[in-house]
Amino acid sequence: MRMILAQAGLETRMLLRNGEQLLLTMIIPTLLLVVFSRASVVRPAHGERIDFVAPGVLALAVMSTAFTGQAIATGFDRRYGVLKRLAVSPLPRWGLLAGKTLAVLAVELLQIALLAGIALGLGWSVHGNPLVVALLLLAGTAAFTGLGLLMAGTLRAEATLAAANVIFLLLVVGGGIVAPLSHFGSAGTALRATPSAALSGGLRDVFTGSAGVPWAGLGVLVCWAGAAGGLAARFFRWE
């Protein structure tokens, strides 16, 4: 456990010291929260604009850390032989993955505290059960971490870098993060099956008090987590 916590602390410090990671995990979500909470381009069907934007940006924060940041960092660790060397250290391989997961959760806590504080200052009205919110965030973290590790462990680092950024943008645009899925017409139904739409939609349902446990969104996230995690465990290459 001490080794895992030490690895988690190292991974967290590396994430927070990296300028590109800091831009991705802190600065971009903060800018999107402020801009889209004031931009007339976001027109939710019900409620205030900030009540729609804030849960979406929280989902984006989870996605940026657990998926994009994790995929890119792990991909280049694999390319430069870091994973190969750590795999033969006293730290077990599962311990390395556990340390990375704990680092993701630590960064997410900082993100959520920062973004929630800004959103409350912008007039966000919060309702719902915090335990359900935590359950959704954990399921979303598991789903996006599985996807990130699957890409990092099977693709070349350069391909992971490009694919992770492209998928990130697609999920932001078409995943219900900053625009209602109703804007996409009949395609909106299919987009609800994406992990970003499931997480952002579930968080909105809870925070507005319109749902106890959003089982549909939670089920989608659990399916993504199981599928991506299983494939990552099966095909992840350490070299």
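Every read-out reported here was derived from the displayed coordinates using simple, explicitly stated rules and does not represent laboratory data. Keep in mind that this is a model prediction, so the values were computed, not measured. Backbone-built Cβ (ideal geometry, glycine too); neighbour counts: all protein chains shown.
Only the Cβ atoms of Lys and Arg (+1) and of Asp and Glu (-1) were treated as charged; on that basis the dipole of segment 2-235 about its Cα centre amounts to roughly 600 debye. Protection proxy ranking, highest mean first, for peptides 83-91, 168-176, 112-120: 168-176, 112-120, 83-91, where packing is the per-residue count of other beta-carbon atoms within 10 Å, averaged. Projected onto planes of every orientation and averaged, the convex hull of the alpha-carbon atoms in segment 130-237 covers 7.0 nm². In order along segment 110-123, the phi-based Karplus estimate (6.51 cos²θ - 1.76 cosθ + 1.60, θ = phi - 60°) of 3J(HN,Hα) comes to 5, 4, 5, 4, 5, 5, 5, x, 5, 5, 4, x, 8, x Hz; Gly and Pro are listed as x. Does segment 51-173 come out rounded, prolate or oblate, given a ≥ b ≥ c as the square roots of the eigenvalues of its C-alpha gyration tensor, rounded meaning a/c under 1.5 and, failing that, prolate meaning a/b above b/c? Here segment 51-173 falls in the prolate category. Dividing the mean sequence gap of close Cα pairs (under 8 Å, 6+ apart) by how many residues the chain holds gives a relative contact order of 30 percent. Backbone phi angles across segment 15-28, fed through the Karplus curve with coefficients 6.51, -1.76 and 1.60 (θ = phi - 60°), yield HN-Hα couplings of 5, 6, 8, 7, x, 5, 5, 5, 4, 5, 8, 10, 6, 4 Hz in residue order; Gly and Pro are listed as x. For segment 129-138, the Karplus equation 6.51 cos²θ - 1.76 cosθ + 1.60, evaluated at θ = phi - 60°, returns couplings of 8, x, 5, 5, 4, 4, 5, 5, 5, 5 Hz by residue, with Gly and Pro reported as x.
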